[in-house]
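Remarks on the structure that follows.
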C-alpha cells in the first residue's frame, strides 16, 4: 500500500520541479539576474574596495571571508580526525 | 615497474634507486618555489593559499614516496606540522577578532587603522593567503603520513 503512494508523491513533486526548470534562466545567460547586476558590481568594485586585482581571491577572502574561514576549519577538522584515528602509536 | 622496485614505503633498508633519488632531489626545489609563488601571488594571478599549499605538500609526498616515510620526520616534523595547521585557522580567526577590537565587523579588514583602507585590506588578504598556504601544506602532508603508517 505504501509503495504506490510513494511513487505517486515522487511523480508529482518531480514533475513540479521539472516544470519549474523551464522558468530558470539559461546557464551562463547574460540576461540572468546574476549577470545583470551582481557580477558587474563585483568587477567594478574589486580594486576600489579590496585593493587587489584577482577577482576570485577578492570574493574568496574579502566578500566571502566567513565562508573561507569555514573551509579552513573543515580542513583542520579533517586533519584532526585523521590524527585522532590513525596517529596513535 | 622498475620505478617502484626502488621504493620501500615502510623502511629505507638498502632498497634504493639512484636515478629516482637524483631526479627527486633535483625536482623538489623548483616545485616548492612554484608553490610559494602561487601562494604569494594569490592576489594577482590564479591560485591562492589552498592551491599553493597543496603544491608545496606534493613535494613532501614525493619525498616520502622515494626516501621513506620515516625520513620525512627529519624534514617536516610532526610537531611543526600540527602547530602550523592550528596556526592557520587561529590566525584567520584572530584576524577577524582584531577587526572587532577596532570597532568593525568580524573579518571586515577595513576597520584596522594601521594603513589606509585599501592597503589594509590588501595586506590582510596576503597575510591570510600565507597562513592558509602553510596550513594546507602541513595538513596534506600529515594526512598522507598518517594514512601510510605501518599496520593500516
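Each reported figure results from applying straightforward, stated rules to the coordinates on display, with no laboratory input. Please read these numbers as outputs of a predicted model, since none were measured by experiment. Using ideal geometry, Cβ is built from the backbone for each residue, glycine included, and neighbour counts are taken over all protein chains shown.
A few points about this structure:
- Helices (runs of 4 or more DSSP H) fully within segment A:1-59 counting 2 or more residues that are more than 30 Å from residue B:122 (Cβ to Cβ): A:2-21
- A count restricted to segment B:62-91 and to residues that are more than 12 Å from chain A (Cβ to nearest Cβ) and buried (at least 17 other Cβ atoms within 10 Å of the Cβ) stands at 9.
- In this structure, residue A:21 qualifies as more than 14 Å from chain B (Cβ to nearest Cβ) and farther than 21 Å from residue B:130 by Cβ.
- Residue match in segment B:128-150 (condition: more than 8 Å from chain A (Cβ to nearest Cβ), without any contact (Cβ under 8 Å) to a residue 60 or more places away in the chain and farther than 20 Å from residue A:66 by Cβ): no
- Test: residue in segment A:28-39 that is farther than 28 Å from residue B:48 by Cβ, surrounded by 14 or more Cβ atoms within 10 Å (Cβ to Cβ) and either away from chain B (no Cβ under 14 Å) or in contact with a helix residue (DSSP H, G or I) (Cβ under 8 Å, 6 or more places away or on another chain) (or both): no
- Matching residues in segment A:40-49 - criterion: being surrounded by 13 or more Cβ atoms within 10 Å (Cβ to Cβ) and within 10 Å of chain B (Cβ to nearest Cβ): A:47, A:49
- Residue B:108 meets all of the listed conditions (1) facing chain A (nearest Cβ under 8 Å); (2) over 13 Å from the mean Cα position of the chain (by Cα); (3) surrounded by 14 or more Cβ atoms within 10 Å (Cβ to Cβ) but one, namely (1).
- Residue in segment A:50-66 that is over 17 Å from residue B:48 (Cβ atoms) and surrounded by 10 or more Cβ atoms within 10 Å (Cβ to Cβ) present: no
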